[in-house]
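Student: Below: one structure in structure tokens.
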Amino acid sequence: MDERETVRVSRHLSRVLRHDPAAAGITLDAAGWVAVEELLAGLARRGRTLSREQLDHVVATNNKQRFAYSEDGLRIRASQGHSVTVDLGLAPAEPPPVLYHGTASRTLAAVLREGLRPMSRQHVHLSADRETATRVGARHGRPVVLAVDTAGMRAAGHLFRVSANGVWLADAVPPEFLSTG
């Protein structure tokens with residue numbers, strides 16, 4: 001499988017496992033898992049044949065580590081980013097004092113006024129470093145990186161969780177905890 005095909009399959013898996021399981025004729029369990037064999041059969045029924053070896057390659061080489069296998073390797077799910085309701089079972093975690101969020105410059109005024117909301121997803125996604133936040137923001141236009149005062153949020157009672165691939169998750173980020181500095 002060449003790199004272009006790997007990216008194409010990864011994008012399709014993201015759609016199926018995060019947003020639209022029906023696109024592959026599958027159902028995710030409450031924690032977002034689906035049996036690997038069910039996923040592969042569902043994809044095949046929809047004309048997207050994928051072998052277990054190809055799936056393993058996509059999971060292992062995804063630069064954002066968007067997918068995770070269960071410990072026994074029999075189930076798969078997206079690590080975070082769901083718009084469908086799932087409970088990833090992530091325990092609250094202590095974040096570093098500052099996390100970062102990348103957004104497009106055209107949305108900056110609204111974000112500073114209203115804060116960060118999950119929009120169509122279950123959580124706001126935060127990065128541990130500016131570089132990752134810059135890449136995320138660049139997907140939507142000219143990037144702006146916001147610093148999130150997670151220490152202040154924790155003191156105010158807000159909870160954070162961290163996904164299997166290192167993305168920090170919050171229910172929302174009120175504007176008073178954001179800065180462009």
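Here, each number is a calculation from the coordinates, and none is a lab measurement. Small disclaimer: the values here were computed from a predicted structure and weren't measured. Glycine also receives a Cβ, built like all others from the backbone with ideal geometry; neighbour counts cover every protein chain displayed.
Student: In debye, nearest 20, what is the charge dipole magnitude of the range 3-78 about its Cα centre with +1 on Lys and Arg Cβ and -1 on Asp and Glu Cβ, if you could check?
Tutor: Here the size comes out at about 420 debye.
Student: Could you tell me the largest-minus-smallest coordinate of the C-alpha atoms of the range 98-179 on each of the three principal axes, in descending order and whole angstroms?
Tutor: 32, 29, 23
Student: Can I ask one more? Simple spin-label model, 7 Å along Cα-to-Cβ: T180 to E38 in nm?
Tutor: Simple spin-label model gives 4.7 nm for this pair.
Student: Let me ask you something else. Give or take rounding to whole Å, what are the principal axis extents of the alpha carbon atoms in the chain, in descending order?
Tutor: Extents along the principal axes, in whole Å: 49, 33, 24.
Student: Can I ask one more? How much length is gained if the chain between T6 and H140 is pulled fully straight, taking 0.36 nm per residue apart and subtracting their Cα-Cα distance, in nm to one decimal?
Tutor: So the extension gain works out to 46.0 nm.
Student: Within the chain, which is the longest segment that contains none of the trypsin sites (Lys or Arg not before Pro) sitting in a DSSP loop with at most 16 other Cβ atoms within 10 Å?
Tutor: 65-120
Student: What does the charge add up to near A93, with Lys and Arg as +1, Asp and Glu as -1, over the other residues with Cβ less than 15 Å from its Cβ?
Tutor: Net charge in that neighbourhood comes out at 0.
Student: Take the alpha-carbon centre of the range 90-119, take the same for the range 59-82, and report the distance between them in whole Å.
Tutor: Here the two parts' Cα centres lie 24 Å apart.
Student: Output the 0 to 90 degree angle, nearest 10, between the alpha-carbon long axis of helix 52-61 and the longest principal axis computed from the alpha carbons of the chain.
Tutor: The answer is roughly 20 degrees.
Student: Let me ask something additional. Where nothing but the Cβ of Lys and Arg (+1) and of Asp and Glu (-1) is charged, how large is the charge dipole of the range 13-124 around its Cα centre, in debye to the nearest 20?
Tutor: Here the size comes out at about 600 debye.
Student: In the range 1-121, if the dipole is taken from +1 on Lys/Arg beta carbons and -1 on Asp/Glu beta carbons about the Cα centre, which of H19, A91, T61 is farthest to the positive end?
Tutor: Going by the Cα projections, it comes out as H19.
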